[in-house]
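The values are calculated or read from the model by the stated rules, or taken from the named source; none is laboratory data. Small disclaimer: the values here were computed from a predicted structure and weren't measured. With ideal geometry, Cβ positions are generated from the backbone for all residues, glycine too; neighbour counts draw on all protein chains shown. Heads up: the accessible areas ignore ligands, DNA and RNA and are worked out on the full protein's heavy atoms, side chains in. Shrake-Rupley method; radii C 1.70, N 1.55, O 1.52, S 1.80 Å.
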Amino acid sequence: MKTLLPKSLALGFAALLTLACGGEAPQESDFEQEQSLVGTPFADRIVSFTPGTAAGFGQSQLPNIVLGAPQGSGAGSGSLHVLSLGRNGVIVLEFTDIAVTNGPGVDLLVFENAFLKPDGLPFAETGVVGVSDDGVTWYEFPCASGNVAGNFPGCAGVTPVYSNTSNGISATNPAVAGGDGFDLAAVGLTRARFVRIRDSGANGYAGTSGGFDLDAVAVVNGVQLP
């Protein structure tokens with residue numbers, strides 16, 4: 001997880017130190033300093049869950065099945081450590097110690113249980129991701145759930161999950177973790193304490209495991225909450 005010290009604070013400290021040593025004060029663009037954060041980069045609480053038709057799988061393991069780290073099974077297999085939302089089902093999660101902040105590149109990862117079929121194409125069950133800092137005003141990332149040829153741009157539930165607590169693959173590194181990444185800059189938000197995932201309604205719905213299957217969410221660029 002990338003953890004950012006507020007630029008104004010970092011700049012102030014460094015400017016004082018540099019000037020005291022006879023050097024030139026650094027510019028704001030020089031700063032993306034890391035600091036240690038207290039807490040975990042995963043969702044801490046379920047605010048609400050409204051299952052849709054064909055939901056049910058994973059509900060007996062709530063809340064922990066969607067809190068904490070992902071349990072990915074790699075490219076060729078979908079994890080069973082998931083909660084099925086059902087048709088148009090919606091879940092809202094909250095970060096209580098470390099929030100998502102707008103930093104370089106991907107800020108948030110959403111993990112489902114997508115996998116690659118023998119033909120190399122993804123078996124995807126798409127979800128629409130929204131973010132909020134207050135839990136009232138929401139910003140949704142556009143999700144082209146009908147664009148199969150384009151690999152469902154903007155949707156969650158498309159990319160296999162490689163990170164698992166047993167394999168040492170970081171769940172906060174978009175280059176290796178798998179899952180689908182979201183950049184707060186795309187919706188004009190600087191911080192998000194809440195994540196909402198809504199089944200797109202364009203998936204398969206049979207039995208009790210229909211629709212988007214949520215494994216976990218993870219902060220990539222984080223900021224400490226008071």
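Kindly establish whether residue 146 is closer than 16 Å to residue 93 by Cα and in a loop (DSSP other than H, G, I, E, B).
No, not satisfied.
Within region 123-154, which residues are open to solvent by less than 10 Å² (accessible area, probe 1.4 Å) and out of contact with any strand residue (DSSP E or B) (no Cβ under 6 Å at 6 or more places or on another chain)?
Within region 123-154, 126 is the sole residue that qualifies.
Here are the criteria: (1) under 17 Å from the mean Cα position of the chain (by Cα); (2) buried (at least 23 other Cβ atoms within 10 Å of the Cβ). Tell me which single one residue 185 does not satisfy.
Exception for residue 185: condition (2).
Exactly one of (1) modelled with pLDDT of 95 or more; (2) open to solvent by 60 Å² or more (accessible area, probe 1.4 Å); (3) of a type outside the set (Asp, Glu) is unmet by residue 117. Its number?
(1)
Suppose we keep only residues that are touching a Phe, Trp or Tyr at 6+ places or on another chain (Cβ under 9 Å) and closer than 20 Å to residue 200 by Cα within region 56-78. Which one would you say is surrounded by the fewest Cβ atoms within 10 Å (Cβ to Cβ)?
Only one residue tops the list, namely 59.
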